[in-house]
1. If Lys and Arg each add +1 and Asp and Glu each add -1, what is the summed charge of the other residues whose beta carbon sits under 13 Å from the beta carbon of residue B:65?
2. The range A:223-251: which residues show an accessible-area loss of 50 Å² or more, assembly versus chain alone, 1.4 Å probe?
3. Would you be so kind as to list the residues of the range A:278-312 that have their accessible area lowered by at least 40 Å² in the full protein complex compared with their chain by itself (1.4 Å probe)?
4. Quick one: helix A:51-64 against the long Cα principal axis of chain A, what's the angle to the nearest 10°, folded into 0 to 90?
5. In whole Å, how far is the Cα centre of the range B:48-67 from that of the range A:227-251?
6. Excluding residue A:373 itself, calculate the net charge of residues whose Cβ lies under 15 Å from the Cβ of residue A:373, where each Lys or Arg counts +1 and each Asp or Glu counts -1.
7. Compute, for residue B:220, the solvent-accessible surface of its heavy atoms (probe 1.4 Å) with the complete set of protein chains present, and express it in square angstrom to the nearest 10.
8. Identify the trypsin sites (Lys or Arg not before Pro) of the range B:20-103 meeting these criteria: DSSP loop state and at most 10 other C-beta atoms within 10 Å of the C-beta.
Amino acid sequence: MDKADTVENVPKRAIQTAEILGKRWQEWIHQPPEVMEPIIAAQVDQSGHTRADVVYQLKHLADAITPESLRQWVQKSWSTSDSTLQELQPTDVVCCIHAGNLPMVGLQDMFAVALSGGFYAGKVSRRDASLMCAWLEYLKDHEPDLSERIAWSTESKSLMQKIHGSINAWIFTGNESTWDSIKHQWADQPSITESTHSTLIRRAEASIVMLEDEDESLTPSQWNALAEAILRYQGKGCRSVGVILSAHPLSHYQHSCAMVDSLESVLIKSMHDERPILQERQMERGWCAANQIAHVWVDHLLIREAPEILFEEKESLFSPIPGVVYWVQGNESMISSWLKNPKKGSQIQSVYTAQSTNSSKQIERIPVEQLDTAQQPPLDWTPDGENPLRWLLYQPSKWCAS
Amino acid sequence: MKTLTDQLWTSTSFEEAWNTCIAHHCHHQSIAWRYVKEMSRKNDESAARIPLDEWPLLPISGFRERLISISSNPEVIFKSSGTSSSVPSSHAISDLSFYHKVSVHGFMSYYRDAFQDGARFIGYVPGYIDNPNSSLISMIGAICTELGDKARMISTPSELRKALDQDSIRPIVLFGAAFGLLDIVDQDSEPGSHVVELPKGSILIETGGMKTHRRELSRDEMHAMLSDGFGVPISHIHSEYGMCEMTSQAYSTDGVWFTPTPLARFVVKEMENPLQTAPIGTKGRLGILDAGNSNSCPWFLTDDVAVQREDGAIQLLGRRDKAVSRGCNYMVDVDG
């Protein structure tokens, strides 16, 4: 690349795209209520989330995605003298198979492809389509240049018809069986089976928090952050807390008003009223009570002392029942051992701490994030440990090599 | 005074055995009983009157998480094969002779006539033989004891062939783990020929499902393969349904419908609402009421999917998909 086309190794075109995307995003998300309300209402219908949770998500996305944050992300992704990093061409098609977009996974992928210079082909989940499709529609209408390299649909067949030529890279979010189905559906695209080098697959299930040290107690704001991290989006997002690691057994807090009050408060704020309550979760509560296993039952949420089998190598780290959070008495070394375990490590999305920590703290190369950012991640966060923009910039050199 | 197991054994109906069983659990305030009270929010007296179709079933995962036992010193602890997870289920049996009595009686109620007509019994249990805590091995051992020199337990295909070579005339009741029997069939590369041909009039009883087999098969496919592979008419391919968590068993002689032995009943619960009983003929999760589980938990919900007939028999439809919709899997949507 010519030096004149770059600023500190970053292509000028990428910086310009960041500015345009940031400006258009801010315009779109700050449209008047008469425009946004139907979009929000449709999102509530499709996703089953409360209006309060959808608005919470939009407020966060309005703060997190700006011309400046996009520019910084671009600079961070290019910040190396590594000559293998390359911009994609508008003919380089990146197919993103999106699942849910909470809190911003699919959206981040869309921005990553647009910023990389490639062609974004998005298979949008019908269960999380309203916001994403409305934004893409707005972008297409207002940026003719970008619209030339954007296509999306909630239907695979329809998306296939919009893509001219072959797909160069895949970003997939889901599980093993859905990935198999996608591979079968898109079998006429050789790249889907040819090589795994241009396929970014995400399968993490939930996140972990380290609560406190033995001689510390939690403040109301820390309890509140924990409640937000557990309860927003019904606890189903990949950044939602599914395991709490504490220096104390759950019985230490079982009758804590601060804990229950915080959970109640977030339940009220998120307007979440689960009726009827999932019966499997009620059965789990009954099991805990019958066995005198320490547990906290607030409205529809169950926090319980983790079963011993959780520590077995091949066992899942998170409860198979939605809305059941495990409490484990332990310390940082336990997280380290889980991250090293192939089964458990692949299930963990993020590790948080409720305590103040320096921003560079890591466990097994996973950054330890502040708990209060659980449902409000920055634009440049790395789902499943991978910055999708940087990952994309590495792909062209692999295509050349092969 | 009669012991508990004697009372259960001499019960004249399931209802009588059930009442004996719940009175015992109530008396000991067992984990299973405390669970019923927690779920129903009833006291002992009221809980005992809960109708069977409303009885709160404990998730079968409980057998993996804890040893559920009234006795502090159970005579034996059966363990599942642990094929689907690393931690097996454990079932505490306080009276092994009672377990044997129940399982042998259940088996003989279906096959006594065959033995009276001169059939032999072979229990074919590859894989299980290395598991000293296998309930299947224990049960087949008890059947062998009951039948004396008409019966034997073997664990390799060559032993099976040898047994057939020694006597190719007398029919056999061959009872074996489905995956092991299919492994024998799979060795046959010539369609239409039989690696092991059972004598005329033989009956083959498969059990244990397909959990460990290298490929998924429907029950119909499996039975057709077994019929071809062993030279037995499809009407002579039967099935047994049992598990380490049960004292009782169920048998199917028509390849479709399973009927439990006298101390047990099936219930089918709604897939998404496992506290509600599914309407007859509707697919749901299989629940077990086994009065024989006097020491552990007589009421539990399995991960098997089934439909139930008016007479209580069930058809098994496979296992429940336990994939959790959460994280990257959340709101995933693969269109047709």
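The values are calculated or read from the model by the stated rules, or taken from the named source; none is laboratory data. This one's a predicted model, so the numbers in the text were calculated from it and none came from an experiment. Glycine also receives a Cβ, built like all others from the backbone with ideal geometry; neighbour counts cover every protein chain displayed. Accessible surface areas use protein heavy atoms only, side chains included; no ligands, DNA or RNA. Shrake-Rupley method; radii C 1.70, N 1.55, O 1.52, S 1.80 Å.
1. -3
2. A:236
3. A:279, A:280, A:283, A:285, A:287, A:290, A:291, A:309
4. 50
5. Cα centres, the range B:48-67 to the range A:227-251: 28 Å.
6. In short, -1.
7. Around 110 Å² of this residue is reachable by solvent.
8. Here the trypsin sites (Lys or Arg not before Pro) that fit, given the DSSP loop and packing criteria, are B:41, B:49.
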